[in-house]
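Written below as structure tokens is the structure these notes are about.
The values are calculated or read from the model by the stated rules, or taken from the named source; none is laboratory data. None of the values given here were measured: they were computed from a predicted structure. Note that each Cβ is placed from the backbone with ideal geometry, even for glycine, and that neighbours are counted across all protein chains shown.
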């Protein structure tokens, strides 16, 4: 297939074929990472702006390294040091970046729809690096890439996503990607953080982690944020761990070949036992490595379609 | 002396007088007159065959942004938009800057409207100082300046005790209290209807319960205090059910519905277009059905726009950060005629006109909304079958924030007269 999108703003809008094409492209780029010279000239002469209006380490560095490996020139921009703090609108900031002839803008933003907002207004490529609780497409792509790598295919697997689903962009992008690739998805977490509305998306909802342990081929644990506790979504971190944490005892009930995933950063002892996070079944660091290849693929495919009008 | 006018052979619909017939309508000296009185006198004739001649329409819920935010809308531009929508009277909300919470601001708006507005501008005063929900505003002083109702619209008095005292106090001045029904704890930072689409889009949800619980409170407070409460811009089916039950028990509770809440659903927010962001938000298809049901069975007695202008640069931002509100005056009659009368056949044309004339006039005790002989000649001529396409660039408003741009509608006002003066004609 030929890739026609200048932007990657959501998994929801991608077809199964587009997702597969991205994953295949990522696999090719992963090969590049095993060479002595890890760099290819695919985006030589292109300028990429890493525009992070919300804190991030892993995703920002992953995009930055991906751009370096594609020979693009990279500028990093954080909200705290940008004119957003002076009240400049997102639109004006972006238009200025475009006037500086940026070819690709990678946007992390606290508001849902922010990446789409930019994509609709700019000729440059816009890659969504997380927009509020909406989507985090490259995270979902690296997750399904990792599952495919370890298990051969996503089709027919049972994936449990456990934790704060309501506020998670990772969960939403994963749901779309997994369903499009033929997985069965069960969302697990406190009833306050996993509302029944999700069922209409075509997934199962459970409020008992025990219900999925023996059936799951993959458990993807999401970070639990302490601020949710303050807003009375659950009573305490301790109670969360008691009810939903992947403890050693619970991990023993998993299938022997079940994959344990986490998008990071992990709270050891909260959503996952520290030893389990470091165990052989954990593919948490593989996810990080694969993130690089997936982001190279996204930048490469979209970067060739976008056009800066200047 | 102004030239007398004779509207020839229109369908005169005057719900206040239960009148619906093809006849002539005369205007002499700015008042409705007996057509027979024009015989032998020079006058101008307007052919109204195929058209409806109605009392001037009243919109009891608009934001004209003066004082303080004239870049969004002025009293003059808002009034022109009203006239172009077929409205001869509007009721302005008090969330201006400064807020309408003193006699002097009421007087300032009155003076400005008298000089610049081409339609009648009625003023509401704040229930509480600064619309902050805490201390009572000087209700008596504002009543002397002629406010027609009290409301903290845009905000909602959260403290039930404060609301109770406000209702008891307002009764002394025979002022109805209008309420923007929103429980702050339940709604939180919600920006769209809490439901399937807010879940998919990851946007903070504004649950219908946040409205319904205040409508229920208002039912009980209106029963206790005897002061009429008008629930503004109802968006949820549950609110209609509470209102229906309260009215059946004789409680002085009324409700209004805005066009967007029956024309659109929360699914529209998929586009992240901030012209689909208003407060209360667009709700589910089921809510739309219940709202239309409430209009059809008489539970809802008033229609209004919640005309809320905002500049393009203010709206063209991230969805969560955009201000709530959309334009309404120039599209509301078309939207309601199209949906309620033509497509859904939920109500008759005379009933729709009643919801825009006799009913709001009765609630706010305005000497408007009728074509009785001797009444001030506020008249709207409507072509109920005219098919047209909304073009935001033709709007008289200072703002352009409408979700209806490009929408095809059936039914439109074609001529608007205030006190016998033509203020707009298509």
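Summary table below
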| read-out | value |
| --- | --- |
| The listed residue being crowded, with 22+ Cβ neighbours inside 10 Å, farther than 18 Å from residue B:88 by Cα and over 22 Å from the mean Cα position of the chain (by Cα), out of B:137, B:126, B:132 | B:137 |
| Cross-chain or 6+ apart pairs with Cβ under 8 Å, segment A:191-208 first and at the interface with another protein chain (Cβ under 9 Å from one of its Cβ atoms), then assigned to a helix (DSSP H, G or I) and exposed (fewer than 15 other Cβ atoms within 10 Å of the Cβ) | none |
| Given (1) closer than 24 Å to residue B:379 by Cβ; (2) in a strand (DSSP E or B), index of the condition residue B:124 fails | (1) |
| Search result, residues across segment A:155-174 that are more than 14 Å from chain B (Cβ to nearest Cβ), assigned to a loop (DSSP other than H, G, I, E, B) and crowded, with 24+ Cβ neighbours inside 10 Å | A:163 |
| Lone qualifier among A:235, A:263 - being in a loop (DSSP other than H, G, I, E, B) and closer than 24 Å to residue A:150 by Cα | A:263 |
| Single residue of B:89, B:102 found to be in contact (Cβ under 8 Å) with a residue 40 or more places away in the chain and closer than 19 Å to residue B:163 by Cα | B:102 |
| Residue match in segment A:52-59 (condition: touching a residue at least 24 places away in the same chain (Cβ under 8 Å), crowded, with 17+ Cβ neighbours inside 10 Å and assigned to a helix (DSSP H, G or I)) | yes |
| Any strands (runs of 3 or more DSSP E) falling wholly within segment B:26-86 and containing at least 1 residues that are touching a helix residue (DSSP H, G or I) at 6+ places or on another chain (Cβ under 6 Å) and within 29 Å of residue B:179 (Cβ to Cβ) | B:52-55, B:57-62 |
| Check on residue B:250, within 14 Å of chain A (Cβ to nearest Cβ), at pLDDT 95 or above, more than 22 Å from the chain's Cα centre (by Cα) and outside any helix (DSSP H, G or I) | no |
| Residue among B:311, B:298, B:325 that is at positive phi and in contact (Cβ under 8 Å) with a residue 60 or more places away in the chain | B:325 |
| Scope segment A:117-131; condition buried (at least 24 other Cβ atoms within 10 Å of the Cβ) and either part of a loop (DSSP other than H, G, I, E, B) or at the interface with chain B (Cβ under 9 Å from one of its Cβ atoms) (or both); matching residues | A:117, A:124, A:131 |
| Residue that is farthest from residue A:100 (Cα to Cα) [pool: residues in segment A:266-310 that are without any contact (Cβ under 8 Å) to a residue 12 or more places away in the chain and in a loop (DSSP other than H, G, I, E, B)] | A:280 |
| Residue match in segment A:133-144 (condition: surrounded by fewer than 24 Cβ atoms within 10 Å (Cβ to Cβ) and in a loop (DSSP other than H, G, I, E, B)) | no |
| Filter result (away from chain B (no Cβ under 14 Å) and without any contact (Cβ under 8 Å) to a residue 60 or more places away in the chain) within segment A:95-105 | A:96, A:97, A:100, A:105 |
| Residue A:177 touching a residue at least 24 places away in the same chain (Cβ under 8 Å) and away from every other protein chain (no Cβ under 11 Å) | yes |
| Considering residues of segment B:347-358 that are free of Cβ contacts under 8 Å to residues at least 60 places away in the same chain and either under 13 Å from the mean Cα position of the chain (by Cα) or buried (at least 19 other Cβ atoms within 10 Å of the Cβ) (or both) only, the residue nearest to residue B:289 (Cα to Cα) | B:347 |
| Checklist (1) within 14 Å of chain B (Cβ to nearest Cβ); (2) farther than 23 Å from residue A:5 by Cβ; (3) in a loop (DSSP other than H, G, I, E, B); (4) without any contact (Cβ under 8 Å) to a residue 60 or more places away in the chain applied to residue A:92, failing item | (3) |
| Every residue from segment A:213-230 that is within 23 Å of the chain's Cα centre (by Cα) and modelled with pLDDT of 95 or more | A:216, A:217, A:218, A:219, A:220, A:221, A:222 |
| Helices (runs of 4 or more DSSP H) completely within segment B:157-225 that count 3 or more residues being touching a strand residue (DSSP E or B) at 6+ places or on another chain (Cβ under 6 Å), without any contact (Cβ under 8 Å) to a residue 60 or more places away in the chain and crowded, with 20+ Cβ neighbours inside 10 Å | B:209-225 |
| Qualifying residue in segment A:231-248 (condition: within 12 Å of another protein chain (Cβ to nearest Cβ) and either over 23 Å from residue A:267 (Cβ atoms) or modelled with pLDDT of 95 or more (or both)) | no |
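Per-residue answers, yes or no, for (1) part of a helix (DSSP H, G or I); (2) within 26 Å of residue B:203 (Cβ to Cβ); (3) in contact with a helix residue (DSSP H, G or I) (Cβ under 8 Å, 6 or more places away or on another chain):
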site	(1), (2), (3)
A:50	no, yes, yes
A:65	yes, no, yes
A:74	no, no, yes
A:107	no, yes, yes
